[in-house]
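Novice: Just dropping this structure here.
Bear in mind that the values in this text are calculations on the coordinates, not laboratory data. On a predicted model such as this, the values are computed, not experimentally measured, just so you know. Cβ coordinates were reconstructed from backbone atoms using ideal geometry, including for glycine residues, and neighbour counts include every protein chain displayed.
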């Protein structure tokens, strides 16, 4: 497999997704909350919702089923929507002024700085 260079947002997303999956495996109340209101779970976990404008769907595999999620395709000359917030706000090193701070990234185990 070729090496993939990910944006800081994509790396943070991967770490956050892994942490959410890990906690959902052992905490049934957390799993239920994540399925029902993922934005509220992010606010509880991070103190803010880093992606309030995006729809978040959490799917649970059924017995005998495998769910494969393909990220939307981004053209080579297109800036992903997730990064437009950073560009529009003049963010510095992946830090948004609305609370998506370096400390919050570090809290979920991701430190790109």
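Novice: When ranked by the protection proxy of mean other Cβ atoms within 10 Å per residue, highest first, what sequence do the peptides 19-30, 35-46, 54-65 form?
Specialist: Result, highest mean Cβ count within 10 Å first: 35-46, 19-30, 54-65.
Novice: Oh, and also: Using 0.36 nm times the number of residues separating residue 22 and residue 67, minus their current alpha carbon distance, what extension gain do you get?
Specialist: Contour length minus the Cα-Cα distance gives 14.5 nm.
Novice: So how much slack lies between residue 39 and residue 59, counting 0.36 nm per residue of separation and subtracting their Cα-Cα distance, in nm?
Specialist: That pair, residue 39 and residue 59, stretches by 5.8 nm at full extension.
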